[in-house]
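Structure record follows, encoded as structure tokens.
The values are calculated or read from the model by the stated rules, or taken from the named source; none is laboratory data. Just so it is clear, the structure is predicted and the values come from calculations on it, not from any experiment. Note: ideal-geometry Cβ built from the backbone for every residue, glycine included; neighbour counts use all protein chains shown. With ligands, DNA and RNA removed, areas are computed over all heavy atoms of the protein, side chains included. Shrake-Rupley method; radii C 1.70, N 1.55, O 1.52, S 1.80 Å.
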Amino acid sequence: MTKSSNAMWGGRFAAGPDAIMEAINASIGFDQRLAAQDIAGSRAHAAMLAATGILTDKDADAIREGLLTVLSEIEGGTFEFSTALEDIHMNVEARLKQLIGEPAGRLHTGRSRNDQVATDFRLWVRDQCDAAESAIVAVMQALLAQAEAGADWVMPGFTHLQTAQPVTWGHHMLAYVEMLGRDLSRIRDARKRMNESPLGAAALAGTGFPIDRHMTAQALGFDRPMANSLDAVADRDFALEFMSCASINAMHLSRLAEELVIWSSAQFRFVDMGDQWSTGSSIMPQKRNPDAAELLRAKIGRIMGANVGLMMVMKGLPLTYSKDMQEDKEQVFDAADNWLLALAAMAGMVTDMTANQDNLRAAAASGFSTATDLADWLVREAGLPFRDAHHVTGALVAKAEEKGCDLPDLTLEDMQAEHGDITASVFDVLTVEASVASRMSYGGTAPAQVRTQIARWKDILK
Ligand code: ARG
């Protein structure tokens, strides 16, 4: 026996869909997450239809009351979603019909599921931008607190993960604050660009009904209606831009997570991750694994993957709407969920981690980290060209290596054997404290510079 055709669009169909067709066609399994946005969009549309005289006030009132009931049923978990009704739009409308009868059928006047879904999805992604914005700020605040606590703690700065020059803990934390500050401005910017209303574009060409798109745009908090109805139903660039912002930020979080994994290892011991963010091993009793940081490092993979996935869905589609675009949602839902989870985990980890000031300092003092300071001294005090100073310093590093000591442990005689003009005052620049304090160039690692930048960020984030 064939199933009967769809009540919403089945006028020209004699038979219902194959079960597999129903399975591949239905989106209700995931787009029910758009219920609140769908109902908000329908309420704005119904109010506008009444204001423009397309609907009677009586019908609009019935629709509004009915939609509120549907929303409370969905929020209360009593709503029965039906796969046969395909998606959230038709599930809501069908229930509205059961509740209020004939006026429900008038709600879809002057609109289509194409502008409806574009509107719902923009509203949803816009909410995620707001959530991400606060979540990024929370991580920045956690980093800022760390920076403030250790503005002058000395640690090794790395290039190629080899000891390069001493830097300050505060400076390192602020490097991430800067990166996240750009992520913040990116997501705010994306939000501004996406805040235009597709509603009223109808199927693709607009409508002959005298609708007021400015009214619905305003009711839904959009800055204005989109100016081209084809574009309004055809593009998903707002979702792609959201995921691009997410990807870049997740990449930053991943780099910090990678550092936390390295820093919490027995070989580094730069930080102790809180117990809250570590796990034990079922066989090795000594283990404290930085699982949260590792998982966070992996999140970029699925977020960027979702971004690329949707890009592939969109790239070959002729204008305007194609059903391919129904595949936009799960990617974005997954990216948004995992992004927000990653941000929350990072805020927690950074708040609860403890830097080991002594280990940081000891590591900073090893690896000939003040060799550049020695070369700079030779330029400044002995008048050597930098290339020559570099060469003399290299020879001194080799000598220290041979003696199994660090640069400040060499004797003045050792020094003078390489260059006769070296005096005892060279030892003043060889400590890690002197090294960082000297780096007073704007944006440099000197504690005084770091404190200036902490004050600037506190002001920005307050
Ligand atoms: N569930 C559909 C989607 O997510 C809604 C739009 C359907 N439009 C259509 N012309 N079949 O894309």
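For the reader, a short list of remarks on this structure follows.
- The residue of the stretch 142-167 that is farthest from Q128 (Cα to Cα), among those that are in a strand (DSSP E or B) and in contact with a Phe, Trp or Tyr (Cβ under 6 Å, 6 or more places away or on another chain), is A164.
- Selection of the stretch 95-118 for residues being among the acidic types (D, E) and away from the ligand (no atom under 14 Å from the Cβ) yields only E102.
- Once the stretch 313-335 is narrowed to residues that are within 15 Å of A250 (Cβ to Cβ) and not acidic (D, E), the residue that is farthest from the ligand (Cβ to nearest atom) is A335.
- Members of the stretch 146-188 that are of a type in the set (D, E) and closer than 18 Å to L461 by Cβ: E148, E178, D183
- Residue in the stretch 31-52 that is polar (S, T, N, Q), away from the ligand (no atom under 16 Å from the Cβ) and without any contact (Cβ under 8 Å) to a residue 24 or more places away in the chain present: no
- Residues of the stretch 336-353 include none that is free of Cβ contacts under 8 Å to residues at least 24 places away in the same chain and either within 16 Å of the ligand (Cβ to nearest atom) or among the aliphatic types (A, V, I, L, M) (or both).
- Of the criteria (1) more than 16 Å from the ligand (Cβ to nearest atom); (2) at pLDDT 95 or above, which one T163 fails: (2)
- Hey, V125 closer than 19 Å to M251 by Cα and either at pLDDT below 95 or not in a strand (DSSP E or B) (or both) or not: no
- Residue match in the stretch 127-143 (condition: within 16 Å of the ligand (Cβ to nearest atom), open to solvent by 10 Å² or more (accessible area, probe 1.4 Å) and of a type outside the set (D, E)): no
- Just one of the listed residues (A344, A417, A364, A398) is open to solvent by less than 30 Å² (accessible area, probe 1.4 Å) and either in a helix (DSSP H, G or I) or in contact with a Gly (Cβ under 6 Å, 6 or more places away or on another chain) (or both), namely A364.
- Residues that are of a type outside the set (S, T, N, Q), open to solvent by 10 Å² or more (accessible area, probe 1.4 Å) and in a helix (DSSP H, G or I), drawn from the stretch 347-361: A347, G348, D352, D358, R361
- The helices (runs of 4 or more DSSP H) located wholly in the stretch 1-118 that include 2 or more residues which are open to solvent by 60 Å² or more (accessible area, probe 1.4 Å) occupy 19-25, 35-51, 57-75, 88-100.
- Boolean, D459 is at pLDDT below 95, surrounded by fewer than 17 Cβ atoms within 10 Å (Cβ to Cβ) and part of a helix (DSSP H, G or I): no
- Any helices (runs of 4 or more DSSP H) falling wholly within the stretch 205-322 and containing at least 3 residues that are out of contact with any strand residue (DSSP E or B) (no Cβ under 7 Å at 6 or more places or on another chain) and open to solvent by 50 Å² or more (accessible area, probe 1.4 Å): 213-219, 237-263, 291-314
- Between V379, V392, the distinction of being open to solvent by 10 Å² or more (accessible area, probe 1.4 Å), in contact (Cβ under 8 Å) with a residue 24 or more places away in the chain and part of a helix (DSSP H, G or I) belongs to V392 only.
- With respect to the stated conditions, F121 fails to be aromatic (F, W, Y) and more than 16 Å from the ligand (Cβ to nearest atom).
- Some residue of the stretch 27-49 being more than 23 Å from D127 (Cβ to Cβ), modelled with pLDDT of 95 or more and of a type in the set (S, T, N, Q): no
- Yes/no for F333 being touching a residue at least 40 places away in the same chain (Cβ under 8 Å), out of contact with any Leu (no Cβ under 9 Å at 6 or more places or on another chain), among the hydrophobic types (A, V, I, L, M, F, W, C) and within 22 Å of D130 (Cβ to Cβ): yes
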